[in-house]
Structures are given as C-alpha cells and as structure tokens.
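Following: one structure in structure tokens, then a few remarks.
The values are calculated or read from the model by the stated rules, or taken from the named source; none is laboratory data. Computed from a predicted model, the values in this text were never measured in an experiment. For neighbour counting, all protein chains shown are included, and Cβ atoms are generated from backbone atoms with ideal geometry for every residue, glycine included.
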4 protein chains.
Amino acid sequence: MSGMWFTEEQTANIRFGCRINNILHSEKTDFQDLAVVETLQWGRMLLLDNLVMTTDKDEFVYHEMISHVAMNSHPNPKKVLVIGGGDGGTIREVVKHAKVEKAVLCEIDGQVIEASKKYFPEIASVLTGHPKVDILVADGIKHVKEAKEEYDVILVDSSEPIGPGAVLFTAEFYQAVSEALKPDGIMVAQTESPFYNQELIQTVFPTIGSIFPITKLYLASIPTYPSGLWSFTVGSKVYDPEAIEPRELAELDTKYYTPYLHKAAFALPQFVRNLTEGK
Amino acid sequence: MSGMWFTEEQTANIRFGCRINNILHSEKTDFQDLAVVETLQWGRMLLLDNLVMTTDKDEFVYHEMISHVAMNSHPNPKKVLVIGGGDGGTIREVVKHAKVEKAVLCEIDGQVIEASKKYFPEIASVLTGHPKVDILVADGIKHVKEAKEEYDVILVDSSEPIGPGAVLFTAEFYQAVSEALKPDGIMVAQTESPFYNQELIQTVFPTIGSIFPITKLYLASIPTYPSGLWSFTVGSKVYDPEAIEPRELAELDTKYYTPYLHKAAFALPQFVRNLTEGK
Amino acid sequence: MSGMWFTEEQTANIRFGCRINNILHSEKTDFQDLAVVETLQWGRMLLLDNLVMTTDKDEFVYHEMISHVAMNSHPNPKKVLVIGGGDGGTIREVVKHAKVEKAVLCEIDGQVIEASKKYFPEIASVLTGHPKVDILVADGIKHVKEAKEEYDVILVDSSEPIGPGAVLFTAEFYQAVSEALKPDGIMVAQTESPFYNQELIQTVFPTIGSIFPITKLYLASIPTYPSGLWSFTVGSKVYDPEAIEPRELAELDTKYYTPYLHKAAFALPQFVRNLTEGK
Amino acid sequence: MSGMWFTEEQTANIRFGCRINNILHSEKTDFQDLAVVETLQWGRMLLLDNLVMTTDKDEFVYHEMISHVAMNSHPNPKKVLVIGGGDGGTIREVVKHAKVEKAVLCEIDGQVIEASKKYFPEIASVLTGHPKVDILVADGIKHVKEAKEEYDVILVDSSEPIGPGAVLFTAEFYQAVSEALKPDGIMVAQTESPFYNQELIQTVFPTIGSIFPITKLYLASIPTYPSGLWSFTVGSKVYDPEAIEPRELAELDTKYYTPYLHKAAFALPQFVRNLTEGK
C-alpha cells in the first residue's frame, strides 16, 4: 500500500484524504491548477485547484442527477446547454435523451476537456465526436448573454463558487440564463453542500427564485464531495420538476437516477427545507 | 487555529480528518476505546475504537432516521427496545411518540452511557431519568433471546460490524429479534454505507429478508459517517414502512425526518436497489 | 492507538505529525497560542503558535546545548541572563554551574512560565523557587537595553523568528546584548535549522560577527525540531568557546552535553561552514 | 501548491509528510515496493516499502558519511565492497579515493539500480560505467560468505532491519564480513536512529564488538531519516577510525564530510555513549 495521499481541505477544519498510487497529470492552465490522480478507493480523480471534481467510480451520481431531473421535467428538450462540465459527464447524460437535437457544451478551460478526453474516456465519451454535440471553449456567462430564447434546458455544471466559477452564482448570471431559455425553459445549477455551504444556499435559492416562477432544490449523495450530500437548484418557467409521472417516463440506462428517485430527491430534510425558506 | 486533528481511517484508502481543539475524555472500557473530542466543524464528537459514533451537530440525522421510520410505520408502538445506542439519541427520539409506554435501552458498555450523560447532555437527555425509559447495561443479543413477543419495535443501533457489535449483524441475532417482537412487530438495523460496505448489505439484506416478510432498505445522509450516505434495513412482520400516509401522521419536532422524507428515503438509487436485489 | 494527531507545518512542504492521546492545555495568551499535548512518542509537548517548543523526552538536548557551551567557555560565569526560555529548562541547566551567583530569566509571556510549572515540573524545576534564580515577566530587548556590563553570560532562548520572537534576531538586539555583557562576556543565540533556515543563518551570523570579536556556530541534534539539526551562534568578547580543555572541566549531570561533544559541536559539516562564510 | 503528500510512518506514533508534485515511478519488485516521487522540499526521493531511502538534496550526508570515515581510516583501501546501496551514492563516494583499484557494488534488487540510473543520475553517476566499479545484482550475505580476506573496506549500506535488509543486522553476517576482510580490514554499517532505534543499537553494537577488536559508533544528521540523527558503526581489525590526523588527509570534494567532522562524529552525546556501553 502506497504512502501517497491526496488531501482536500474540504473546509478550514475538515480534511478528506485519498490514498493515491499515481499522479497522471498536473498542469497550471490559464484558469486553474489541473491534476489527475489515481486513487485506490475511487479510481481516477480529476482535481481543479486541489478540489475533487469527479472520479471514475462515483461520477455517475453527479452527472445523472444534474441532467436527468431537468431533462425529464421538460416534455421536449430539443436544445440543451451545459455550462462548465468540461469533463463531459453531464453532456454524455444529456444525449441519452432521444428528443435532444443539439447539446452545446460551453467550458471556459479547454485543458479540462483535453485532460478528460485523455484520462477519463468513459466520462468524456461524447467529447471526442458526437453528431448532436457542439463544444465551445468559451466564457459561459458571455455565451449565455448572447443567446436569446434559444435553449430548452440549461445545466450549470460549475466548479466551486471561488475562482473562475464564482460568477456562475450571481443574479446577473441567472438572469442571463433565464433570457437564454425559451419561454418554457428550465435550468439546473449545482448549489453545493447543505451541511457546509448553508449561506450559499440561503443566498442563491432566493436569487433564482426571484427570476424563475418555479424554484426547487433537490439533493443527491456524492461521496467524494464535502459532507457527501449535494444540492441542485432548479429554476423553471413552466414545468414543475416534482410533477413528473414516474411510470410514464422512458427508461434510461443509469446507476443512480430513477424516475422515483427524481421525485424523492425533492423531499428535503427539514433543515434543508428551512434553508430554502429563509429560516 | 489548532494543529490538532482527529483522523478516522474510514477505509484502508480514505482518511477523514477533523480539526480538534480539545480531547475531553479518553478511556479504555471493558469493550472498546472510548473518546470524546471537541471538533471545530462538528462540535463534540463521540469516538469508539477511533470511529465516529455521533457528533453534536449532525446527530439528528441518524437518531431521527433510525427511529421515526419504524415508529411511524407501526400504528401502536407501545413497547420499544433500542439495542446499543448508549449515547441516548435514538431513545430520545422514540419517546417523542406519545403512544410509547415503555422504551428500553440495552447497551453493553455502561461507559458509553456515562460519557454521553456527561459530554452530550442534549443527546443523552432522557438517560438521566425519564418515566418511560428503562436502561439496561447488558448484552443486547442475550436480552433479545430472553424476550418473547414482547416488543412492538426494536431498533438495532449498533456500532460497526467489528468488535462487540459484530454479533448484531448475524442471522442468529435477527431471528432472536423476530421472536422478541410481537406478531405485528417491526425492526430497523443500521446497515452501513452503500458505497463502502456493499458486501455487508448484500449479506445482511437477504438475511433479514429470510426472516421478515417485509424487508426494505432506506437511506439517510450522515456527513460524519464514511461516504456520507448511510443505510438502514427494516424487517417488518405486517406493516409496510413505505405505505404510510404522510398527511395522517402526527407532527414531530425534527430537523431531518419528515413524513414525506420517510417515504422518499425508500426511493433508492439504482445501484443500491441492485445491492438489495442481489445484483 | 488513538486517531488523534498534532501536526506541525514545519515548512510549507513538510509536515511533522505526532500521535497524541491528550490535549492538556490550550489558551490564547496575550502573545501567542499556547498548548500542551501528550504525545505517545515524545511525552508532553509544549506548543507555541502550533510549533514544537520542547518535549519531555528530548528537551535535554536543547537545554544542555544552549547553556553549557557558553557556561563552560567562560571561566567565571557569576551572573547569567536567559532571554525567553519560559519553560525553565535553560536556566535549570545554568544553575548546575556552581560559580553562578545569580541567574535571571526574562520571559515576555508569563503564561509560558505558568503552563511549564504546571505541566513540565522537571523542566521548570527551578522556576518554583530557587535561591539563585530571579524571574522577570518582561520584554527581553527592553531588559537588555537597560543593563550595562552586567552579565557574564546571556543566553537567547527565543522562539521562531516570527511573532514576538522576531526582534530577537536583529542587529539592534545583539548590540544591546553586547552592551549588557561585561567586557569578557559571552552570548549564545538559537539560530534555527541549517537545512531549512539557511537565509536566517546567512543573515544572523555576520550580524553577530560584526558585533562580537569571536563568533562561532555549533550544532545539536533535536529530533522534534524541523530537520532534526539545530544551530546555535556564540558571540564572545574574549573567550574562544572552541578552546576549552575537556579534561579540565568539572563534570555535569547531563544526557547530551559532554566536554568532548562541546568541542566537536563546532566541527561543522562543509555546507554549514559555507553558510557561515557567506558562501 | 499541490494537495498531494507522501507520508512516512516513521514510527507507530510519528508521521513525516512531504508535499509532492509527481510520482515518477512505482513498481513492485521481486523484493519490495519501489517508488520515486518528486517532493517540493527535498527534490526527488527514492522510497522502498514506503520508507525514504535517499533524496536529491540531502543524499550527500549519508553517502559521504558512510564511506569517507572508513576510507580515510584505512591507509590503503584498494578493494572496497558496498553491500546494498543500489542507488549508487556510496560507491560514487568510494571512487573519489585515488587509492581504490576496485569497488564492487552488491545489490540484491536490480530494480533499485535501474530506477536510480533513470531518476537519480547524479547519485547513480558511476553506475552507468566506471573503470573501477563492478556491479553485482546478488545477495550480499552470500557474496560476503564466498569472499575470504578479499576486501580492505566493506560498507553495509542496508535498508531498514525489516524485509530483505533484516539479515544484514545479524552476527552471522558480521562474522562473514570479518572473514571477507583482509587482516587489516575495516567495515561500516548503518545502524539506524539513536532516538528511535535504541534497542537495535544496544544489540548490534556489542554484536559487532564481539567480532572486531575496534568497534566505534559515529553520527550524522540526515534530515529525511527518522529523528534526523543517524548512527553508523565501525568494526575495524587494526586501524582506529578516531586516530586520523585531519591535516594529513587528502582533500575530498564533499558537502558534509570534512576530516575534522570525521573525528568529531565520534564525540557522542552522553545518551548515545550509554547505548554503546550497554547502559
């Protein structure tokens, strides 16, 4: 057993250590530190600024849950935008939906895409060429501001609310997202841990709520993210993501998401409901 | 900021570190190492054999979820047994149910009870004297074997399946639990992480299933437990724990559990469902 | 074995971890964070601002080596000043020399003295009352500036060159020390690790050399200090500390220091000699 | 700054962590785990079974001190054997002595030699071809047993007294070394830390002393080895290693060793002297 470890400082007072047996890649991109390590517990792990982005073995939770909830809540998601998400996992899930005609990935850091194609071929499978997928290496907020009533679904697959991802948690950005969506569009943003980032949820949830008529938060269990519990916030113009009929949905090849879990994910623990209600 | 840390070796390849500013207590009991530390993130933390048992700030998840699911699934839980659970949190939740007439705590290690009374007064609140609560410092399996059709609800609040808690994961034990329950009794056992302890779930779930006509697994998010996701297995003779009517249930003063979450907790991620189906 | 650790960040890239089983004391004094931990390897350990100051089991190295070299180099050390050194170990060694008539301890942080008396009774043995020892809780530099040709030996037992101890590494301070010494006086200052603090040695050594006619550096092995190797710099007006005659020296009750080692400690590794020669 | 660390468990209760930014190599050889990491503090570091063997930046201490003491104590070291030492640093120092006609390296694990040639070209400089150097990939004890009065100097550059290196600390082995030496031969063995391995010194020192008429222990400061202080034991048939005349010795190109330090290294701290005297 190796004596090598990757340690994420999850908070000022919590450290999460993963034994590694290889550092496959390490570079300073124009935007951030990017590394790929081989962990014994979780397989390959993508790190940005020393924070875990995704791993071989639990990536399915995040990627399925950020995408299928919105995709299955919209009756006809033809055009979909993923902001961030350079590892390709989210857009891989998006194109599992047959109704999709065009899925656009807008990632600011092209090196994340390159490293993912090289080291995470299963996560990045649709990044190496897919008839429905367009890849833009560009600033997500800029791209969104230029789009008007263009997308059915927008998925905000951002990194932490520090560094290049910080702007993706602002009212200005959510407003732009709303304008980039069609009149019945729906968006989802990852909104951090309800245990460790309560202030963020208390800020972002009402911000999205002031822009979208239907705003709901749901949860998923991601073991390599701080606290193991992660929140996603839906902003929807028309469709209520909780109002789906599980029995009517087409089956998807998934390891975490199921239509029943989709509904259940909105049944919040009391303390999380309080966060969304400003308590 | 202190340079002192408690580090749990959650698996051979994962370390979970909590900055501490005090070690309030440390002893070798007849059964295990017992310590109480003051963490900066999670408040006071109870450790048995260097594994996190409970903390001030997230104890509510475990204690509410191990108890209220069974308690609310049974129409008339008059007599309840908690095996293990020496910190008192589970039995504190049990006596929130007005129908309870007698709640028995059977903990093998009296020092866990003493340390909890001293260092976790809010968790152990009913251990210092409560008209409905009986405390036994005794071997849980022995106690269960002596009881015949005595309890409405039995909650198996065990520590890890190593050391003194190992016997609490055997068929012999679950059979004894079944016999100690009344003909419409219901039990819940904590059954570890679906990410890290898949073999345990694959063994224990069918074992319980061979003894109880209704066997179901549900989940809760406990940030200080390995992977952050924890499973509980219900064995029930008559009542289906998923068949409750949230609207009909009396309100409880809780921070995690809600009747809606109760139902939702049984909507399993696909990979967890597979574990319970022997896939 | 406990899962509790004290970890010193010895440099930005080196961590030194000691398993602990107790935190005996922890406070914020007017000057610094002060803690006392019980380590399994080194016994009790005194920490200031999360840096190891001394431990039960290796304190003898530092305390013997900072004191006896100067004390045995001076033919008649009647009056001795220790600056810093609130744990009492250095002055305990000083009064082992029969010729001493008065030994003054000038420590800025009275809480260091109090904690040492309570938790390190063997190190602090002479602080609880000794006919030759005077204790001042005062600013060392101020005290030195007020003394004129008063001391035979001055020992600068400072903490790291950051925080309250930083001033004790300046030319202004060494000049004041020189003036506080009698015309044949001698001083010693701890001057950090020749592996990790080369710039400090390259700065401080010539600074002392510009004030004292005889300036020499010697080494001792202190396992709980960064790199395990520690330097001390002697500034002497008349007596050459290397010119002692081991056979003529009175025997001392010591665990590290011997008169032969005293001489040998000045035989520097080539790279350390280079540091003192400005290479 | 990376979040990757190599951590050596130096003792059961001490951890030494080095921040790394690369794992250059990692393999399971027939004998042990071998890895090469790039540390920020110490440059490249060679690890065997997760223990630090050598590093770019402090290798000079160990390699100079294990070799030059014996080499300069012998008036005419023509034929020299290094047992272990597959990184090449010791034999590189040996051939700095002009009188050497043949230097044999006998390393049991050929992969250590290969990895050192590839990743530590400066340490392994003479391994890639040197007129005086012979390299044997063979069992050191077997080689020694076959040699009779063949060597002037034998240097036992072993790894820890566990795993493949354990046999190199036995009486049987030292006896064989003695017989492989000429009638005026001299040997040196690394004998671990006087702080952490006192029992080993208390055992090995008298063992060597029962075989060689002159047995002495000397010390060097190696910051990446446990406790930072390391011992070497000389067994000599005729020449006293302390009796050299520093002024008469030829100059060597070294960074740690000097003839004066050679003598001084035998001036032991009192507690180490006690270890060698069976106290």
Of the candidates C:Tyr257, C:Tyr225, C:Tyr218, C:Tyr196, the one satisfying the condition of being over 30 Å from C:Ala12 (Cβ atoms) and of a type outside the set (D, E, K, R) is C:Tyr257
Being in a helix (DSSP H, G or I), over 14 Å from A:Val133 (Cα atoms) and in contact (Cβ under 8 Å) with a residue 12 or more places away in the chain is the requirement here; does A:Asn76 meet it? no
State the number of residues belonging to segment D:263-279 that are away from every other protein chain (no Cβ under 12 Å) and either of a type in the set (D, E, K, R) or touching a His at 6+ places or on another chain (Cβ under 9 Å) (or both). 1
Considering only residues that are out of contact with any helix residue (DSSP H, G or I) (no Cβ under 9 Å at 6 or more places or on another chain) and part of a loop (DSSP other than H, G, I, E, B), look in segment A:43-73 and name the one that is modelled with the lowest pLDDT. A:Asn50
With criteria (1) away from chain B (no Cβ under 14 Å); (2) more than 27 Å from C:Lys145 (Cβ to Cβ); (3) hydroxyl-bearing (Ser, Thr, Tyr), C:Ser67 comes up short on (2)
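Got at least one residue in segment B:88-101 being outside the structural domain of B:Leu46 (by TED's automatic domain parsing) and part of a strand (DSSP E or B)? Don't jump to the end; show me each part of the working.
Of all residues in segment B:88-101, those outside the structural domain of B:Leu46 (by TED's automatic domain parsing) come to B:88-101.
Remaining after also requiring part of a strand (DSSP E or B): none.
No: segment B:88-101 contains no residue that is outside the structural domain of B:Leu46 (by TED's automatic domain parsing) and part of a strand (DSSP E or B).
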Test: C:Met71 is within 30 Å of C:Ile23 (Cβ to Cβ) and crowded, with 16+ Cβ neighbours inside 10 Å: no
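Within segment A:113-134, can you find the residues that are closer than 17 Å to A:Thr29 by Cβ and either in contact with a Phe, Trp or Tyr (Cβ under 7 Å, 6 or more places away or on another chain) or surrounded by 21 or more Cβ atoms within 10 Å (Cβ to Cβ) (or both)? Walk me through how you get there before you give the answer.
Initially, segment A:113-134 is screened for residues closer than 17 Å to A:Thr29 by Cβ, giving A:113-120, A:124, A:127.
A:Ala115, A:Ser116, A:Phe120, A:Ala124, A:Leu127, listed by residue number.
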Residues within segment B:191-221 that are of a type outside the set (S, T, N, Q), assigned to a strand (DSSP E or B) and within 20 Å of B:Met53 (Cβ to Cβ), tallied: 2
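Among the candidates A:Gly110, A:Gly86, single out the residue that is surrounded by 21 or more Cβ atoms within 10 Å (Cβ to Cβ) and either aliphatic (A, V, I, L, M) or more than 20 Å from A:Leu219 (Cα to Cα) (or both). Working first, answer last.
Details: A:Gly110 fails: surrounded by 21 or more Cβ atoms within 10 Å (Cβ to Cβ).
Result: A:Gly86 is the single residue among A:Gly110, A:Gly86 that is surrounded by 21 or more Cβ atoms within 10 Å (Cβ to Cβ) and either aliphatic (A, V, I, L, M) or more than 20 Å from A:Leu219 (Cα to Cα) (or both).
Would a scan of segment D:33-48 turn up a residue that is outside the structural domain of D:Val95 (by TED's automatic domain parsing) and under 30 Å from D:Thr215 (Cα atoms)?
Initially, segment D:33-48 is screened for residues outside the structural domain of D:Val95 (by TED's automatic domain parsing), giving D:33-48.
From the residues that got through so far, the ones that are under 30 Å from D:Thr215 (Cα atoms) too are D:48.
Looking through segment D:33-48, at least one residue is outside the structural domain of D:Val95 (by TED's automatic domain parsing) and under 30 Å from D:Thr215 (Cα atoms).
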All but one of (1) among the β-branched types (Val, Ile, Thr); (2) assigned to a strand (DSSP E or B); (3) modelled with pLDDT under 95 hold for B:Val167, so report the exception by its number. (2)
Kindly indicate whether A:Asn50 is of a type outside the set (Asp, Glu) and at negative phi. no
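Taking segment C:1-42 as the region of interest, how many residues are free of Cβ contacts under 8 Å to residues at least 12 places away in the same chain, polar (S, T, N, Q) and not in a loop (DSSP other than H, G, I, E, B)?
Narrowing segment C:1-42 to residues free of Cβ contacts under 8 Å to residues at least 12 places away in the same chain: C:3, C:7, C:12-13, C:15, C:26, C:28.
Filter again for polar (S, T, N, Q), leaving C:7, C:13, C:26.
Remaining after also requiring not in a loop (DSSP other than H, G, I, E, B): C:7, C:26.
Qualifying residue count, segment C:1-42: 2.
Kindly indicate the residue of segment A:176-233 that is more than 30 Å from A:Trp42 (Cα to Cα) and of a type in the set (D, E, K, R) and also surrounded by the fewest Cβ atoms within 10 Å (Cβ to Cβ) among those meeting that condition. Walk me through it before giving the result.
Taking segment A:176-233 first, the residues more than 30 Å from A:Trp42 (Cα to Cα) are A:176-186, A:202-216.
Narrowing further to those that are of a type in the set (D, E, K, R): A:179, A:182, A:184, A:216.
Working: A:Glu179: 15, A:Lys182: 18, A:Asp184: 13, A:Lys216: 23.
Going through the qualifying residues, I end up with A:Asp184.
Restricting to segment B:8-21, what's the tally of residues that are modelled with pLDDT of 95 or more and more than 8 Å from chain A (Cβ to nearest Cβ)?
Initial filter on segment B:8-21 (modelled with pLDDT of 95 or more): B:8-20.
When the remaining residues are screened for being more than 8 Å from chain A (Cβ to nearest Cβ), the result is B:8-10, B:20.
Here the count works out to 4.
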Using beta carbons and a limit of 7 Å, which pairs, at least six apart or on different chains, have the first residue in segment D:165-192 and closer than 12 Å to D:Gly140 by Cα and the second one at pLDDT 95 or above and surrounded by fewer than 16 Cβ atoms within 10 Å (Cβ to Cβ)? D:Ala180/D:Lys148
What's the total number of residues in segment A:269-279 that are in a loop (DSSP other than H, G, I, E, B) and either touching a Lys or Arg at 6+ places or on another chain (Cβ under 9 Å) or closer than 18 Å to A:Ala70 by Cβ (or both)? 2
Residue count for segment A:181-222, restricted to those that are within 26 Å of B:Ile222 (Cα to Cα) and among the basic types (Lys, Arg): 1
When segment B:196-226 is checked residue by residue, the ones that are within 14 Å of chain A (Cβ to nearest Cβ), within 30 Å of B:Phe6 (Cβ to Cβ) and in contact with an Asp or Glu (Cβ under 7 Å, 6 or more places away or on another chain) are B:Ile222, B:Pro223, B:Thr224
Among the residues of segment D:227-262 satisfying the criterion of being part of a helix (DSSP H, G or I) and within 7 Å of another protein chain (Cβ to nearest Cβ), which is farthest from the chain's Cα centre (by Cα)? D:Tyr260
Kindly indicate the residue of segment D:33-43 that is under 16 Å from D:Gly86 (Cα atoms) and surrounded by 21 or more Cβ atoms within 10 Å (Cβ to Cβ) and also farthest from the other protein chains (Cβ to nearest Cβ) among those meeting that condition. D:Leu34
